[in-house]
Amino acid sequence: MRVLGINALFHDPSVALVVDGRIVAAAEEERFSRRKHGKRPVPFAAWELPSAAMAWCLERAGLSAGDLDVVAYSYDPALATPADQLGLDDPWDWLRQQYAEQAPRFIAAELGELPHGAFRFVPHHIAHAASAGLVEASQDSDGRTSVLVIDGRGESASHLAGEYDHGKLNILAAQRLPDSLGLLYESLTEHLGFLRSSDEYKVMALASYGRPRHLAELRDVAHATGGGGFTARVPDWSQWAPRRGPQDAWNEAHADLAASLQACLEETLLDLASWLHDQTGTTNLAMAGGTALNCVANSRLWRDSPFESVWVQPAAGDAGTALGAALAASENVTQAGGTAFPTAALGREWSDADLAGELHRARVPFRTPDDLPAVVAQVLADDGIVAWFDGRSEFGPRALGQRSLLAHPGNADNLRRLNDVKGREQFRPVAPMVRGERAAEIFAGGPLPSPYMLFVHDVKPEWRERIPAVTHVDGTARAQTVDRATNPRLAGMLERFEQLTGVPVVINTSLNTAGRPMVDTPREALEIFGSAPIDLLVLGPHVVRRGALYGGDR
């Protein structure tokens, strides 16, 4: 059974292909179009399809549109309620709904004629839920998991709570709009001068610099109401902090407001998770929806909720609904009770020979060293910055060692240096990567292993001065663990770096500059290497040194 999942209506348009119950490919349109998030989440852009991602997913499997059994679209307009009846200020939402209704025709026009009856609408929050709850890693030994979805909005709701039992979803609660924790957090993002539906992670980072002075008042704004629901209405934020312009400096009032909403969000999520556990009694919790990308809140749930295990879909935002729609529509998956999710590296890749060909075409001198991990580790030990491009690109917003910028965590100034390279705000942290077997010596307060960088961990006190560049102002870090079995080249580099420095950790941040998607192709990697102060470029087994571009070291 061949199922193509498509997310296209709001933001982060994406595509996933599931064949005979196995995840074959998944990619976001931004990696092809080079537009961050693919498009803005406005009704006038709802018609835009992830055309390049659709074409690539089919090409990856050698399929055409006529070979597909199901095309699953992660929104069902039949379930939608007009925005004004929901209490939403979205006067053009009717246009979005019209586009959704016509999605079968738009997609057939793009892909070619589909088999009769192949198109299916999958409700938005069911697609989110399936992306996490139908993954075997999220389930207990009996094939059960509770599932919690929190985002901005779906057809008429902003939340889903339920339980998967051997592939069948039992929905226990859904919060009707306009109450929305996701829209609440988005509105503060905009008030603080950041881009709405894009920069919410900046609010999370800024919160670490503040105190939750307004938590008591915000508890009246957002809180669980019992029965699995909550209230969350957008207040007048200016009563606590002035509106900030995009180019204005932030101040203590802004940080305190961010800290207050972050604390309020965590309390509300804890209450929702506790209610859900009371209903299901499962040991495991699966999470998806844009709010599940809040790694600070995820760790709070892991520590303080009744669940023993918390698994978050790496593409928890709307991009992941393409995968969820495909899984929900795949009888192979639902009848089996779930499927494997061995890696988030589900995107494009190039062979070693293809990478060498790209370098030859660009007339860039390069080497193919016998011991690549040793070469990279030495550059990092000498305080160089390395662009690392290896294997299939990541599905989701986190760089996980396929498209990464690497540096030495022992130099505190490397935080400023990397933020300058990327053109980012200086309050934003960078993350550590560590071999899985060493992680527990350095990090605590979050689940380990943590391969997808979706939780924050406390950096143990004895390590904070040794890895200051990755230790955030509150003593935490968003750690990624590396498994030798799934990424031997990266694990080997970490091992060699520790041999040289005594530090088993390397800085890992995404290979991109501010406002642009992560690098996806070799040409894009060469472009960023040529335009930014990066000392070494790794393309698979090949390396290019900075001096080689100008006739120096080869």
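The values are calculated or read from the model by the stated rules, or taken from the named source; none is laboratory data. Here the structure is a predicted model, which is why all the values come from computation and not from measurement. Note that we place each Cβ from the backbone using ideal geometry, even for glycine, and neighbour counts take in every protein chain shown. Heads up: the accessible areas ignore ligands, DNA and RNA and are worked out on the full protein's heavy atoms, side chains in. Shrake-Rupley method; radii C 1.70, N 1.55, O 1.52, S 1.80 Å.
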Qualifying residues in the stretch 357-378 (those that are in contact (Cβ under 8 Å) with a residue 40 or more places away in the chain, part of a helix (DSSP H, G or I) and open to solvent by 20 Å² or more (accessible area, probe 1.4 Å)) - the one farthest from Pro451 (Cα to Cα): Glu358
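Sort out which residues of the stretch 2-38 are hydrophobic (A, V, I, L, M, F, W, C) and closer than 18 Å to Glu136 by Cβ, and write them in order of number.
The initial filter retains those residues of the stretch 2-38 that are hydrophobic (A, V, I, L, M, F, W, C), namely 3-4, 6, 8-10, 15-19, 23-27, 32.
Selection gives Val3, Ala16, Val18, Val19, Ile23, Val24, Ala26.
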So Arg484, is it surrounded by fewer than 22 Cβ atoms within 10 Å (Cβ to Cβ), among the charged types (D, E, K, R) and touching a residue at least 40 places away in the same chain (Cβ under 8 Å): yes
Close pairs (6 angstrom Cβ cut-off, 6 or more residues apart or separate chains): under 13 Å from Glu48 (Cβ atoms) and open to solvent by less than 40 Å² (accessible area, probe 1.4 Å) in the stretch 95-119, of a type in the set (A, V, I, L, M) and at pLDDT below 95 anywhere: Arg96/Ala46
Qualifying residue in the stretch 406-414 (condition: crowded, with 24+ Cβ neighbours inside 10 Å, over 14 Å from the mean Cα position of the chain (by Cα), under 20 Å from Leu454 (Cα atoms) and touching a residue at least 12 places away in the same chain (Cβ under 8 Å)): yes
All strands (runs of 3 or more DSSP E) inside the stretch 123-214 with 1 or more residues being under 20 Å from Pro397 (Cα atoms) and among the hydroxyl-bearing types (Ser, Thr, Tyr): none
Filter pass, Arg144 being farther than 13 Å from Leu285 by Cα and either open to solvent by 10 Å² or more (accessible area, probe 1.4 Å) or not small (Gly, Ala, Ser) (or both): no
Flag for Thr291 being farther than 24 Å from Pro397 by Cβ and assigned to a helix (DSSP H, G or I): no
In the stretch 27-49, the residues that are out of contact with any Gly (no Cβ under 7 Å at 6 or more places or on another chain), closer than 22 Å to Ala344 by Cβ and among the small types (Gly, Ala, Ser): Ser33, Gly38
Count - residues of the stretch 54-88 that are closer than 15 Å to Leu9 by Cβ, in a loop (DSSP other than H, G, I, E, B) and open to solvent by less than 10 Å² (accessible area, probe 1.4 Å): 2
Helices (runs of 4 or more DSSP H) completely within the stretch 449-541 that count 1 or more residues being among the β-branched types (Val, Ile, Thr) and under 24 Å from the mean Cα position of the chain (by Cα): 522-531
Subset tally (residues that are within 22 Å of Arg464 (Cβ to Cβ) and open to solvent by 40 Å² or more (accessible area, probe 1.4 Å)) for the stretch 381-398: 1
Unique match (being open to solvent by 30 Å² or more (accessible area, probe 1.4 Å), in contact (Cβ under 8 Å) with a residue 40 or more places away in the chain and in contact with a strand residue (DSSP E or B) (Cβ under 7 Å, 6 or more places away or on another chain)) among Gly423, Gly436, Gly445, Gly401: Gly436
Residues of the stretch 327-341 satisfying the condition of being polar (S, T, N, Q) and either without any contact (Cβ under 8 Å) to a residue 24 or more places away in the chain or assigned to a helix (DSSP H, G or I) (or both): Asn332, Thr334, Gln335
